[in-house]
Every structure is written in structure tokens, then in C-alpha cells.
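Report on the following structure.
The values are calculated or read from the model by the stated rules, or taken from the named source; none is laboratory data. Just so you know, these numbers come straight off a predicted model, no measurement behind them. Neighbour counts are summed over all protein chains in view; Cβ atoms, including those assigned to glycine, are modelled from backbone coordinates with ideal geometry.
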Amino acid sequence: MTVLAVTEHRRGELRDVSFEIVTAGRELASELGTELELAVIGGDVDDFADRLNLDGVGTIYTVEEGEEFNHGVYTQAIEQLYAETEPTALLLPNTVNGLDYAPAVAGRLDLPLVTDVIGVEGEDPLEVTREQYGGKVETTYDIDADSYAITIRPAEWPAAEGAGEAAIEAFEADIDEDAIGATVTGFQEVSGGDVDISEADVLVSIGRGIEEEENIPLVEALADALGATLSSSRPIVDNGWLPKNRQVGQSGKVVTPDVYIAIGISGAVQHVAGMKGADTIVAINTDPNAPIYDIADYGIVDDLFDVVPELIEAFGGDVPDV
């Protein structure tokens, strides 16, 4: 009886969720009184395994199959790893890639699948927590099964730290090439992919409080002065003022920067779900009762059009005319 967690990488780099899934896996293994094992499939598996050799990990299985994600390879490799290790829980990332193969794996293995999990507790039965109705309600489900699959939401668990002493084992998966329905030939950014806000260390994010598109250069100047990246809540994207790749939230991207500055953002649950994992949150809003202040580490209750110019000057930037 073990917990088997599948890690994720893209373009030669481990994704943040790979370290978060170790934390979630350790928590789940502790609840079940068992050991955490990891699977690393494709890419530079030796380097990835070394970096994932963290406290609380018992064994890391490496599968040398290709450089990038492939549905057919992952599905077959995980199915064979499951047969080899016989885990109680199969832990997968709730990401674009994870949601691509998770249903197929669960179907092949005849496992119940619970997606987008934000919490685990208990042993028999295991209780898992999900959000519903746009994050307005948390619901707990009992998993009454001998074994099951779970996908975990990124940024809900902190990244695992601490050197470990895991055994690293190469796993020879017998991949049926004829059963692979697609071939990865390259990686192309989506339209508007000038930046990846999920990789930014500092984000300056704007919401409805910016009022007009013509006012955005003011906040861009602050972002430039801070060496930060500009992002936004959904209304800004819906208005066509910024491209979709700049949107933070449930229908945008989940971000975990060192610093997140929310300017003119009220803090709707859909937006908060995408940025609450930031190390430090700074909010600027005229409404002292805005929900964003419930999670902010620092708050400035004032007009952004008064505050932002002062911040720009304080950090050595030039205040634009807007």
C-alpha cells in the first residue's frame, strides 16, 4: 500500500506542481500510514529525480520515454507502474497535461477519479475537498474504494523542501508504439503568449478599478519600475484591454509569485483562487471591505490614481500622463 504521485515537466523544466504534489503526497501518505513514491516520465529523468529527491519520498521511478508530454506514453507508463507498485492512491496534477491523461488512466485501471482536489483528510474512507459554484462552496467527498485516483489543484500545497534519501529506480515501460495516437513534433506558444505570468516572480495585477483602457499605462509604468510583469483579473480581458494569457484566476492562470500587487481588484473568489498561493499579497483598493483584504498581507485603502504615481516615483520610474 503506497501513494504514487506523477510529476510534470515542460520544455526541460520541472513544473512547480511537481514540488507541490510531493507535499500533497506526503500529507496523503501520512493520513494512510504508508510511503510516498514518485514517477518521472520523459525528459532529463536523472536530473529531475535528483531535484525531486526530497524529504519524505521513498522511491522515485524514472521512465526514459521522449522529451515532452505524450498522452499515449504517459497512459501506458502509468498503467504499468500502477501494476508494479499497486498503490492505494494515484496522485496526478490537475493541469492541462494531467487532465489529458488522468481520465484515460482511471478508466483503464477501473479507478474512481476525483479531480481538482484542494484537501485530503482521514483514512477509511478518505475525505477529499473540492470547490463548487465558482469557488463559493467547499464540498467534502468520501472515497469508499480500495484504490483511487486524485488530481490536485496547483498552488494549493506549498512546494516541498528538504533533502531526501529516496531510492531512484529506472522503470522499463513496455510502450506499444502502435497504440500511440499522436506524436509530439514541437512546442508552440499560444496566441498572445508574449509572457508566461505563471513563471513571474513579481506580478502587478489590475482589475475594474482601472476604469478605462487608457489608464493601463499608469500601472504598466509601475510594473516597469519594479521589474514586474503585468497581469489582470477577468473583466480586463473580457473588455479586450489585455490578452487572455495575462488573466489570473480560475478561468485564467494559477500564479504563485513572490509578490502579487492587486490594484483595483475587489477579490472575487474566482480571482483569489488563482493567486492566493503568492508569498506576499499587496492590495490597493478604495473599499476597506473589499474581499481582497481578507487575504492581503499589506493593504492600502486609497485611490489607485493617487497611490500608483507615488509608488512609481519611489521606485525610480517615470509617471506617464494618463
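Odds and ends about this structure:
- Test result for GLY274, outside the structural domain of GLN132 (by TED's automatic domain parsing), buried (at least 24 other Cβ atoms within 10 Å of the Cβ) and at positive phi: no
- Sole residue being over 25 Å from the mean Cα position of the chain (by Cα) and of a type in the set (S, T, N, Q), chosen from ASN285, ASN245: ASN285
- Residue count for segment 95-112 satisfying the condition of being surrounded by fewer than 18 Cβ atoms within 10 Å (Cβ to Cβ) and not basic (Lys, Arg): 9.
- Number of the condition not met by THR62 [criteria: (1) part of a helix (DSSP H, G or I); (2) touching an Asp or Glu at 6+ places or on another chain (Cβ under 8 Å)]: (1)
- Members of segment 130-171 found to be out of contact with any strand residue (DSSP E or B) (no Cβ under 8 Å at 6 or more places or on another chain) and without any contact (Cβ under 8 Å) to a residue 24 or more places away in the chain, listed by number: TYR133, ASP144
- When we screen ASP46, ASP55, ASP50 for residues that are more than 25 Å from LEU28 (Cα to Cα), modelled with pLDDT of 95 or more, in the same structural domain as TYR148 (by TED's automatic domain parsing) and not aromatic (Phe, Trp, Tyr), the only hit is ASP46.
- Residue check, ILE300 farther than 23 Å from LYS253 by Cβ, modelled with pLDDT of 95 or more and not assigned by TED's automatic domain parsing to the domain that holds PRO154: yes
- For GLU37, the criteria (1) in contact (Cβ under 8 Å) with a residue 24 or more places away in the chain; (2) surrounded by fewer than 23 Cβ atoms within 10 Å (Cβ to Cβ); (3) acidic (Asp, Glu) hold in every case but one, which is (2).
- Under the condition of being of a type in the set (Val, Ile, Thr) and over 19 Å from THR183 (Cα atoms), the residues counted in segment 37-84 number 6.
- Of the residues THR88, THR34, THR2, THR95, the single one that is touching a Lys or Arg at 6+ places or on another chain (Cβ under 9 Å) and closer than 23 Å to THR129 by Cβ is THR95.
- When segment 228-254 is filtered for residues that are closer than 15 Å to ASP201 by Cα and either charged (D, E, K, R) or modelled with pLDDT under 95 (or both), the ones remaining, listed by number, are ARG246, LYS253, VAL254.
- Annotation note: Cβ proximity below 6 Å between a residue of segment 12-24 that is within 21 Å of GLU64 (Cβ to Cβ) and a residue that is of a type in the set (S, T, N, Q) (sequence gap 6+ or interchain) occurs for SER18/THR7.
- Candidates THR140, THR115, THR129 - the one that is polar (S, T, N, Q), assigned by TED's automatic domain parsing to the domain that holds LEU14 and under 25 Å from PHE48 (Cβ atoms): THR115
- Within segment 46-82, being of a type in the set (S, T, N, Q) and free of Cβ contacts under 8 Å to residues at least 60 places away in the same chain holds for one residue alone: THR75.
- Residues within segment 287-306 that are part of a helix (DSSP H, G or I) and either surrounded by fewer than 17 Cβ atoms within 10 Å (Cβ to Cβ) or among the basic types (Lys, Arg) (or both), tallied: 3
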